[in-house]
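Only one structure is covered here, and it is reproduced in the block below.
FYI, it's all coordinate maths here, none of it is from the lab. Every value quoted in this text rests on a predicted model; they were computed, and no experiment measured them. Cβ sites come from the backbone with ideal geometry, for glycine too, and all protein chains shown count toward neighbours.
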Amino acid sequence: MPLGLERLVYESRATGSTTSLLNLVAILGESQRNNEREGLTGVLAAHGERFIQVVEGAPGSLDRLLRRLAQDPRHRDLTVLDRVAVTERMFGRWLMASARIAPALAPALDALMAEAAPSGERVVALLHEALKIQEAEVA
C-alpha cells in the first residue's frame with residue numbers, strides 16, 4: 001500500500017467554454033504533464049459550466065496542485081468537496097482521464113451537484129461510471 005495516498009475531489013466554475021474541445025485538450029495536456037511529474041492520477045469532467053475533478057496522490061503533491069489551481073485563470077470558485085486518505089487508486093490507469101458525461105448520467109450528476117454539500121464519494125462513483133461507459137463504447 002502506498003504511504004500517504006489521498007483522493008481529492010473538487011469542483012470549480014469555468015471561466016471559458018466547457019464545450020470547447022481546444023480548451024479541454026489544453027487543460028488535459030497540461031494536467032497530464034504536471035501529474036506525471038507529481039505522481040498524480042485522476043479524472044476530469046467538464047459538465048455544464050463547471051469542472052469536476054478527482055485527483056489521487058501524495059498529500060504534498062495535492063497541496064501543490066491546489067496552489068496551482070488557485071492561480072489558474074481558466075476557472076474560479078474552486079470548492080473542495082472531499083479529501084480523504086485511501087488505500088489504493090481508483091483512477092491509477094490515467095494521468096488525467098477525460099470523463100464525458102453520458103446522457104444517462106447527466107441528470108444524476110446535475111442533481112448531485114445541486115445539493116448544498118455534494119458527496120465526494122458519489123462524485124467519484126459517477127465519474128468512474130462515466131469512464132466505464134466510455135470504455136464500453138470503444139470496445
Which option, (1) -0.36, -0.63, -0.98; (2) -0.39, -0.63, -0.90; (3) -0.29, -0.51, -0.80, is the value of log10 I(q)/I(0) by the Debye sum over Cα atoms at q = 0.10, 0.13, 0.16 Å⁻¹ that was calculated from these coordinates? (3)
Distance from the Cα centre of the stretch 94-131 to that of the stretch 48-81, in angstrom? 16 Å
Calculate the dipole size of the chain relative to its Cα centre from +1 charges on Lys and Arg beta carbons and -1 charges on Asp and Glu beta carbons; express the result in debye to the nearest 20. 320 debye
What FRET efficiency do you get for Leu22 and Arg100 if R0 is 22 Å and r is their Cβ-Cβ distance, rounded to the nearest 0.05? 0.85
Spin-label pair Ala125/Ala58, simplified geometry with 7 Å Cα→Cβ offset, distance in nm: 3.2 nm
State the answer as a single residue: which of Leu65, Ala45, Phe91 lies farthest towards the positive end of the charge dipole of the stretch 39-118, with beta carbon charges of +1 for Lys and Arg and -1 for Asp and Glu, about the Cα centre. Leu65
Obtain the nm distance between the two label points defined at Asp77 and Glu49 by a simple spin-label model: each point lies 7 Å from its Cα along the Cα-to-C-beta direction. 0.7 nm
